[in-house]
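Q: One structure, pasted below without further comment.
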Amino acid sequence: MSDIDEIVQLVTITGERHIHPDFSTYVDDIDLADIRKLYEDMVVVRRIDAEATALQRQGQLGLWAPLLGQEAAQIGSARALEPDDFVFPSYREHGVAYCRGVELKEMMPFWRGTSLSGWDPHRYNIATPAIIIGAQTLHAAGYGMGIDFDGDNSAVITYFGDGATSQGDVSEAMGFAASFAAPVVFFCQNNQWAISEPVTLQTRAPIAHRGRGYGMPTVRVDGNDVLAVLAVTRAALELAREGGGPTLIEAVTYRRGPHTTSDDPTRYRAPADDAEWIRRDPIERIRLLLEAAGALSDEDAKTIEDHAASAAAELRRGCLELDDPPALSMFDDVYAEPHALIEAERREYAAYLDTLES
Ligand SMILES: Cc1ncc(C[n+]2csc(CCOP(=O)(O)OP(=O)(O)O)c2C)c(N)n1
Ligand SMILES: [Mg+2]
């Protein structure tokens, strides 16, 4: 793998291609039509993300964690996966869920608060969002070890943030995965912020350095370069499948929106930072690349825009069609068997609801 401090880039912010001695070969098969598909994915997920943010502002969702700015990190890594690979995301990976084939309406119940989940993880090979910071990395380490015990040839990827690297769970997950050479890709989206704390408060050294301590290969990649992210993730997955164990990928990107719809980033962030990262926009550079190659006609652009608009409409419809579940159903399925404590809580809550109705 490359020099640990290098940030791998295959497409510059003005859309020119770079050759990288280690990673370009991993995207040799990607032609202009494929790049256009990656572009379309990014445009569509940016649009559905904006729609979900609007739905929250209109009171239709309880909360949303916007991915604006992180489209390339999510699409590039998710499109590197095979269908039988498994994904353990955190709560911002709507773009990854989209690539796994999760239906748009299935992304809504969790954020509308009508269900604790939204989709069947085994149908798409992606777990539902994890709010407990870093917990999903342990699930991934265990799943990866399970792949080996079963003698399978798939791999697992887990997504977490820069802030999560300060969490013990992430450290334990990397320790186990490395010691057992489990087929796990640790994909850190370093979006520079953990709510209002800058990444400089999490670590004095680049996050990628942490992989070294566990003896795993580690790579920093321009997280706003979809092609570079695709290449490094393919390389890490290949290594994992060959028995080479885990890799830590640090995708250097930026969270352009709020942490969630509950905070106001203007309280802690300089406008100049935002402007710099708008310049490094993940979608714009691919648009420039495609246009320069004559591979994005007006008709192509219109088709992509129509696709994004219909995806947004589908998401909105899926959200508005959700019925409120019966209040007491929140006690269902907590345990597989009846449980005395849960039953007591159910009775207590039912009694409380009775006081509201009278
Ligand atoms: C164990 C735990 N501690 C604290 C929180 C509260 N919390 C939610 S998101 C967050 C910041 C996470 O930042 P980062 O890992 O960089 O991910 P990002 O939101 O930037 O994608 C915190 C502290 C939590 N959900 N779980
Ligand atoms: Mg972060």
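The values are calculated or read from the model by the stated rules, or taken from the named source; none is laboratory data. All values reported here derive from a predicted model rather than from experimental measurement. Quick reminder, even Gly has a Cβ in these numbers, built from the backbone with ideal geometry, and neighbours come from all protein chains shown.
Q: What residue, of LEU138, LEU63, LEU55, is in a loop (DSSP other than H, G, I, E, B) and at pLDDT 95 or above?
A: On the way: LEU138 fails: in a loop (DSSP other than H, G, I, E, B); LEU55 fails: in a loop (DSSP other than H, G, I, E, B).
Of LEU138, LEU63, LEU55, the one residue that is in a loop (DSSP other than H, G, I, E, B) and at pLDDT 95 or above is LEU63.
Q: So, one more: Which numbered condition in (1) closer than 30 Å to PHE176 by Cβ; (2) assigned to a helix (DSSP H, G or I) is the only one that GLU250 fails?
A: Failed condition: (2).
Q: Here's a follow-up. Just for the stretch 330-358: of the residues that are among the β-branched types (Val, Ile, Thr) and surrounded by 12 or more Cβ atoms within 10 Å (Cβ to Cβ), which one is nearest to PRO109 (Cα to Cα)?
A: Restricting to residues being among the β-branched types (Val, Ile, Thr) and surrounded by 12 or more Cβ atoms within 10 Å (Cβ to Cβ), the top hit is VAL334.
Q: May I ask you to verify whether VAL43 is crowded, with 23+ Cβ neighbours inside 10 Å and assigned to a helix (DSSP H, G or I)? Don't jump to the end; show me each part of the working.
A: On the way: crowded, with 23+ Cβ neighbours inside 10 Å: no; assigned to a helix (DSSP H, G or I): yes.
So VAL43 does not fit the description; no.
Q: Is there a residue in the stretch 264-285 that is in the same structural domain as ALA52 (by TED's automatic domain parsing), among the aliphatic types (A, V, I, L, M), assigned to a helix (DSSP H, G or I) and closer than 18 Å to ASP41 by Cα? Walk me through it before giving the result.
A: Just the residues of the stretch 264-285 that are in the same structural domain as ALA52 (by TED's automatic domain parsing), to begin with: 264-285.
Then drop every residue that is not among the aliphatic types (A, V, I, L, M), which leaves 270, 272, 275, 278, 283.
Retained after the next criterion (residues that are assigned to a helix (DSSP H, G or I)): 272, 275, 278, 283.
Add one more test, that the residue is closer than 18 Å to ASP41 by Cα, and what stays is 283.
There is at least one residue in the stretch 264-285 that is in the same structural domain as ALA52 (by TED's automatic domain parsing), among the aliphatic types (A, V, I, L, M), assigned to a helix (DSSP H, G or I) and closer than 18 Å to ASP41 by Cα.
Q: Another question about this same structure. Pick out the one residue from THR137, THR158 that is within 16 Å of ligand 1 (Cβ to nearest atom), farther than 22 Å from LEU38 by Cα, crowded, with 20+ Cβ neighbours inside 10 Å and in contact (Cβ under 8 Å) with a residue 40 or more places away in the chain.
A: Numbers: THR158 fails: farther than 22 Å from LEU38 by Cα.
So the residue among THR137, THR158 that is within 16 Å of ligand 1 (Cβ to nearest atom), farther than 22 Å from LEU38 by Cα, crowded, with 20+ Cβ neighbours inside 10 Å and in contact (Cβ under 8 Å) with a residue 40 or more places away in the chain is THR137.
Q: I would also like to ask the following. Can you tell me which residue among GLY62, GLY76, GLY113 is surrounded by fewer than 20 Cβ atoms within 10 Å (Cβ to Cβ), more than 16 Å from ligand 1 (Cβ to nearest atom) and not basic (Lys, Arg)? Break it down into steps so the answer makes sense when it comes.
A: Numbers: GLY62 fails: more than 16 Å from ligand 1 (Cβ to nearest atom); GLY76 fails: surrounded by fewer than 20 Cβ atoms within 10 Å (Cβ to Cβ).
The unique qualifying residue is GLY113.
Q: Continuing with this model, one more query. On the basis of being more than 15 Å from ligand 1 (Cβ to nearest atom), under 15 Å from the mean Cα position of the chain (by Cα), buried (at least 19 other Cβ atoms within 10 Å of the Cβ) and not in a strand (DSSP E or B), does MET107 make the cut? Spell out how you get there, then give the answer.
A: Working: more than 15 Å from ligand 1 (Cβ to nearest atom): yes; under 15 Å from the mean Cα position of the chain (by Cα): yes; buried (at least 19 other Cβ atoms within 10 Å of the Cβ): yes; not in a strand (DSSP E or B): yes.
Answer is yes for this residue.
Q: In this structure, is VAL226 more than 15 Å from ligand 1 (Cβ to nearest atom), closer than 29 Å to ALA33 by Cα and in contact with a Leu (Cβ under 7 Å, 6 or more places away or on another chain)?
A: Yes.
Q: Separate question: Only one residue in PHE186, PHE176, PHE160 is among the aromatic types (Phe, Trp, Tyr) and in a helix (DSSP H, G or I), so which one is that?
A: Details: PHE186 fails: in a helix (DSSP H, G or I); PHE160 fails: in a helix (DSSP H, G or I).
Only one candidate qualifies: PHE176.
Q: Another question, then. Take the residues in the stretch 287-316 that are of a type in the set (Asp, Glu) and exposed (fewer than 13 other Cβ atoms within 10 Å of the Cβ); name whichever of them is farthest from LEU104 (Cα to Cα).
A: Filtering the stretch 287-316 for residues of a type in the set (Asp, Glu) gives 291, 298-300, 305-306, 314.
Add one more test, that the residue is exposed (fewer than 13 other Cβ atoms within 10 Å of the Cβ), and what stays is 298-299, 306.
Details: ASP298: 27, GLU299: 25, ASP306: 16 Å.
Only one residue fits best here, namely ASP298.
Q: Consider ARG280 carefully, then state whether it is exposed (fewer than 13 other Cβ atoms within 10 Å of the Cβ) and touching a residue at least 60 places away in the same chain (Cβ under 8 Å). Before the answer, list the steps.
A: Details: exposed (fewer than 13 other Cβ atoms within 10 Å of the Cβ): no; touching a residue at least 60 places away in the same chain (Cβ under 8 Å): yes.
For ARG280, the condition - exposed (fewer than 13 other Cβ atoms within 10 Å of the Cβ) and touching a residue at least 60 places away in the same chain (Cβ under 8 Å) - is not met.
Q: So how many residues does the stretch 193-248 have that are away from ligand 2 (no atom under 16 Å from the Cβ), polar (S, T, N, Q) and over 27 Å from GLY146 (Cα atoms)?
A: Count: 0.
Q: Which residue pairs have Cβ atoms closer than 6 Å, lie 6 or more positions apart in sequence or on different chains, and pair a first residue in the stretch 329-356 that is outside the structural domain of GLY113 (by TED's automatic domain parsing) with a second residue that is aromatic (Phe, Trp, Tyr) and surrounded by 12 or more Cβ atoms within 10 Å (Cβ to Cβ)?
A: Once the first residue is outside the structural domain of GLY113 (by TED's automatic domain parsing) and sits in the stretch 329-356, its partners that are aromatic (Phe, Trp, Tyr) and surrounded by 12 or more Cβ atoms within 10 Å (Cβ to Cβ) give ILE342/PHE331; ARG346/PHE331.
Q: Moving to a separate point now. Which count do you get for residues in the stretch 83-115 that are free of Cβ contacts under 8 Å to residues at least 24 places away in the same chain and either touching a helix residue (DSSP H, G or I) at 6+ places or on another chain (Cβ under 9 Å) or on the phi > 0 side of the Ramachandran plot (or both)? Please lay out each step first, then the result.
A: Initial filter on the stretch 83-115 (free of Cβ contacts under 8 Å to residues at least 24 places away in the same chain): 101, 110.
Next, only the ones that are either touching a helix residue (DSSP H, G or I) at 6+ places or on another chain (Cβ under 9 Å) or on the phi > 0 side of the Ramachandran plot (or both) stay: 101.
The number of residues fulfilling the criteria is 1.
Q: With (1) touching a helix residue (DSSP H, G or I) at 6+ places or on another chain (Cβ under 8 Å); (2) part of a helix (DSSP H, G or I); (3) within 16 Å of ligand 1 (Cβ to nearest atom) as the list, and THR200 as the residue in question, which single condition is left unmet?
A: Going through (1) touching a helix residue (DSSP H, G or I) at 6+ places or on another chain (Cβ under 8 Å); (2) part of a helix (DSSP H, G or I); (3) within 16 Å of ligand 1 (Cβ to nearest atom) one by one, THR200 breaks only (1).
Q: For residues in the stretch 142-190 being acidic (Asp, Glu) and over 18 Å from SER90 (Cα atoms), which is farthest from ligand 2 (Cβ to nearest atom)?
A: Here is the first cut: in the stretch 142-190, the ones acidic (Asp, Glu) are 148, 150, 152, 162, 169, 172.
From the residues that got through so far, the ones that are over 18 Å from SER90 (Cα atoms) too are 148, 150, 152.
Details: ASP148: 30, ASP150: 33, ASP152: 32 Å.
Filtering first and then ranking leaves ASP150.
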